Amino acid sequence: MDEPGDVASRTAKSLVAKVLTRVPELTDALVRIIGEQNSGYERVGVVPPEDLWRSCHDNITRVLQLIASAAENNSNGKEPYDAARATGRHRAEQRMPLDDVLRSFRLGGRLIWESLIEEARKDGHVDQGELVDMATWVWQVVDATSAQVATAYHQTERELVRVDERRRATLWEGLLHGRAKDLAFALEAARIIEVPLEGRYAVVVIDVDTGDERTGPALAQRLCVAGIDSAWQVRTNTLVGVLSLGTVDLDKAHAVLAKHVKARAGLSLEVSGLADADTAYRQAVLARNTITPGKIEVAAMSQRLPEALLLSAPEIAGHLVDRRLGPLLRVPLAERRLLLDTLAAWLATGGSISATAKAAHCHRNTVINRIRRIESITGQRLDDPTATVELTLALRASWLLPPGPLA
């Protein structure tokens, strides 16, 4: 005598076989239902009609086969979720929202269930218990299939994110190294990075820990409030920002950055268009490198032109330091520190003994004695205009070039 489960299994297989003959008809119906009840497909508009039809056809077929297999409590020998996984991967690639995809699967599950009920009514010999068993199998299969869709979707989504990140990083590298002079590259970079192709630009370079993903968005928000759009990319130990200034003055951008950046940073001069982003990037790096070791600030290139000039020609700058300050940098450290501080103050005050004494917190005679000592050590007169210019540059260069004047 047959067990009730065996009878239900045979009934389910019989009904599934009948519904399988109607798959093209059901596919047409499901495509129509999705169009009427799942507006996401029409709103997003990324799934072509023939693609949707084929996906519905393959998944209806596979779900029916899985229901029959569930009724027998075995596998049909095929990859049971191939259609579901293919749909999940493809919809992720199309950027179709997952919620809309899963809603379509629920609509398909309902259509399959209604079709099985319709065949059961035609048969006239299916009892209530068999329908309950069949309902259990149907919704178990629909739930398992939907889970496979979601798994494949998320896996593909993660892969796409990695691809997008690599593509974005490649575009940034090209942008910062001059490839935006090629119009086709510039257009793609502008689209992906989401900045205008033309307009007033500046670049900022900030020292950060590798992996810092928070500073860029925070600064973008601060700059946006000031009317400046920006895009950010984390590179090795640095954060690079491309600032689309619009009508905002560069000094305002510097003020915003100076207020909110708590690290060594450099801001370029203004450039025209994305094509000159590489020039601005080099300037920003140079501006950052003008910062005295150990000091935290945002250095604007517009305020560091002499220092940038020195760093641009380090061999010449080193020769200038050696020529004008060489002997002074070889005296004992304690005396060297006093003499360098006095020289810096004297140069900053235009050679005023009184102003230098005030800045150095010492008596005028002390300043005079130190100036004479510097002239004696270096063999140069400090009242020589040419010497004054070169000494000013040499002193700045001494702090920029390793090992520094106090090493």
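Against the numbered list (1) within 21 Å of Ala299 (Cα to Cα); (2) assigned by TED's automatic domain parsing to the domain that holds Asp278, Arg214 comes up short only at (1). Hey, among the residues in region 15-46 that are loosely packed, with under 15 Cβ neighbours inside 10 Å and of a type in the set (Ser, Thr, Tyr), which one's nearest to Glu114 (Cα to Cα)? Across region 15-46, the extreme among qualifying residues is Thr21. On inspection, Gly216 qualifies as of a type in the set (Gly, Ala, Ser), in contact with a strand residue (DSSP E or B) (Cβ under 7 Å, 6 or more places away or on another chain) and free of Cβ contacts under 8 Å to residues at least 60 places away in the same chain. Looking at Leu160, Leu171, Leu175, just one residue is within 20 Å of Leu245 (Cα to Cα) and surrounded by 13 or more Cβ atoms within 10 Å (Cβ to Cβ), and that residue is Leu175. Restricting attention to region 1-57, the residues that are assigned to a helix (DSSP H, G or I), modelled with pLDDT under 90 and among the small types (Gly, Ala, Ser) total 6. For the criterion of being surrounded by fewer than 21 Cβ atoms within 10 Å (Cβ to Cβ) and not in a helix (DSSP H, G or I), Lys295 passes. For region 366-375, filtering for residues that are under 18 Å from Asp322 (Cβ atoms) and either of a type outside the set (D, E, K, R) or touching a Pro at 6+ places or on another chain (Cβ under 6 Å) (or both) leaves 1. For region 376-407, what are the residues that are surrounded by 15 or more Cβ atoms within 10 Å (Cβ to Cβ) and either assigned to a loop (DSSP other than H, G, I, E, B) or free of Cβ contacts under 8 Å to residues at least 12 places away in the same chain (or both)? Hits for region 376-407 are Gln380, Leu382, Leu401, Pro405. Got at least one residue in region 206-229 being surrounded by 12 or more Cβ atoms within 10 Å (Cβ to Cβ), among the hydroxyl-bearing types (Ser, Thr, Tyr) and either at pLDDT 95 or above or more than 15 Å from the chain's Cα centre (by Cα) (or both)? For region 206-229, residues surrounded by 12 or more Cβ atoms within 10 Å (Cβ to Cβ), among the hydroxyl-bearing types (Ser, Thr, Tyr) and either at pLDDT 95 or above or more than 15 Å from the chain's Cα centre (by Cα) (or both): absent. If you go through region 304-315 and pick out every residue that is small (Gly, Ala, Ser) and within 21 Å of Leu250 (Cβ to Cβ), you end up with 2.
Every residue, every condition in (1) closer than 19 Å to Asp251 by Cα; (2) in a helix (DSSP H, G or I), yes or no:
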{"residue": "Asp276", "(1), (2)": "no, yes"}
{"residue": "Ala280", "(1), (2)": "yes, yes"}
{"residue": "Arg288", "(1), (2)": "yes, yes"}
{"residue": "Ser302", "(1), (2)": "yes, yes"}
{"residue": "Ala317", "(1), (2)": "no, yes"}
{"residue": "Arg336", "(1), (2)": "no, yes"}
{"residue": "Leu340", "(1), (2)": "no, yes"}
{"residue": "Gly351", "(1), (2)": "no, no"}
{"residue": "Ala355", "(1), (2)": "no, yes"}
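Looking only at residues of region 230-251 that are within 15 Å of the chain's Cα centre (by Cα) and not aliphatic (A, V, I, L, M), we find that the one that is surrounded by the fewest Cβ atoms within 10 Å (Cβ to Cβ) is Thr236.
The set of residues from region 259-274 being surrounded by fewer than 21 Cβ atoms within 10 Å (Cβ to Cβ) and either at pLDDT below 95 or farther than 20 Å from Leu400 by Cβ (or both) comprises Lys259, His260, Lys262, Ala263, Glu270, Val271, Ser272, Gly273. Candidates Val242, Val256: the one that is within 17 Å of Arg168 (Cα to Cα) and at pLDDT 95 or above is Val242. Can you spot a residue in region 160-171 that is more than 30 Å from Val19 (Cα to Cα), basic (Lys, Arg) and at pLDDT 90 or above? No, region 160-171 contains no residue that is more than 30 Å from Val19 (Cα to Cα), basic (Lys, Arg) and at pLDDT 90 or above.
The values are calculated or read from the model by the stated rules, or taken from the named source; none is laboratory data. As the structure is a prediction and not an experimental result, all values here were calculated from the model. Note that each Cβ is placed from the backbone with ideal geometry, even for glycine, and that neighbours are counted across all protein chains shown.
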